[in-house]
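Just so it is clear, none of the values below were taken in a lab; they were calculated from the coordinates. The model shown is predicted, which means the values in this text are computed figures rather than measured ones. Positions of Cβ are generated from backbone atoms using ideal geometry, with glycine treated the same way; all protein chains shown enter the neighbour counts.
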Number of protein chains: 2
Amino acid sequence: MLRKHFTAVEPVAISQTGFKGLSARYVLTSADGCPHFAMRVMEFEPQGHTSLHAHLEEHEIFVIEGEPLYIDASGKETRLRVGDAVYVPPEEPHQFKNVGQTMMRLLCLIPILPGANGRSTTPCPIRK
Amino acid sequence: MLRKHFTAVEPVAISQTGFKGLSARYVLTSADGCPHFAMRVMEFEPQGHTSLHAHLEEHEIFVIEGEPLYIDASGKETRLRVGDAVYVPPEEPHQFKNVGQTMMRLLCLIPILPGANGRSTTPCPIRK
């Protein structure tokens, strides 16, 4: 058994184009021996956001803190709350924003596809 | 995108031998289209516990509420706290107990192995 409090894992700023005020804590990945999927904590500062983006990996997300807004490829906005579970299928375009005044944290899991390590995702074109 | 608050998923009592006061909410599984791994919320009443058990699936766990005790095959006890991430490798014997006075909740993820649906695990012998 391996145990670590998520705050013991240093956050790494994400500098991807269109992302702002966003860091990742790579809590459980290939580096920990995880064979199939990885656990990250994504931290958004107030007004922080991703771009509308898509990747080969699906997401399974659990909202642990803050006030997320989810935006789909059509621009439809959905407010999320702590305790929400969100499934984003592979290749589905999605965007997250922190619309609260405090840090927003998403537990964000991805499969570890062949050749990947569970830290970053594999980009793919946005199909609207 | 599929969203559901975990409390909107009905808990199902687990009647497995050696388990007590334990229910599962099958939040994201094959039934939701998840291709690789599944998200469950395991709920333990005060004094609720699993047996010492093992299965082919690894666990990635995130403590969302309560006071868990983790017990390994040698009997070693580890207190966990909210925000802890726990990786239990495939086939590693493990036991959880609620040693608090309130409900304990673990976000507990497993891979969906071939032929499985992400609800239950595939038992294997306990090797000490």
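Structure notes:
- Region A:1-28, residues that are of a type in the set (V, I, T) and farther than 26 Å from B:E77 by Cα: A:V12, A:I14, A:T17
- Residue in region B:108-126 that is over 25 Å from B:G33 (Cα atoms) and within 12 Å of chain A (Cβ to nearest Cβ) present: no
- All conditions but one from (1) closer than 20 Å to A:T29 by Cα; (2) of a type in the set (K, R); (3) more than 11 Å from every other protein chain (Cβ to nearest Cβ) apply to B:R40; the one that does not is (3).
- Only one entry of B:L22, B:L2, B:L28 meets the criterion of being out of contact with any His (no Cβ under 6 Å at 6 or more places or on another chain), touching a residue at least 60 places away in the same chain (Cβ under 8 Å) and farther than 13 Å from B:T121 by Cα, and that entry is B:L28.
- Residue count for region A:1-37 satisfying the condition of being away from chain B (no Cβ under 14 Å) and farther than 21 Å from B:V82 by Cα: 11.
- Residue that is out of contact with any Leu (no Cβ under 6 Å at 6 or more places or on another chain), acidic (D, E) and closer than 30 Å to A:L56 by Cα, where the choices are B:E10, B:E45, B:E57: B:E57
- Where B:H36 falls short, out of the listed (1) under 30 Å from A:I71 (Cβ atoms); (2) within 12 Å of the chain's Cα centre (by Cα): (2)
- Pick from region B:48-94, criterion more than 11 Å from every other protein chain (Cβ to nearest Cβ) and touching a strand residue (DSSP E or B) at 6+ places or on another chain (Cβ under 6 Å), ranking: farthest from B:T7 (Cα to Cα): B:E77
- Enumerated strands (runs of 3 or more DSSP E) restricted to region B:1-111, each holding at least 3 residues that are surrounded by fewer than 17 Cβ atoms within 10 Å (Cβ to Cβ): B:2-5, B:37-49, B:77-79
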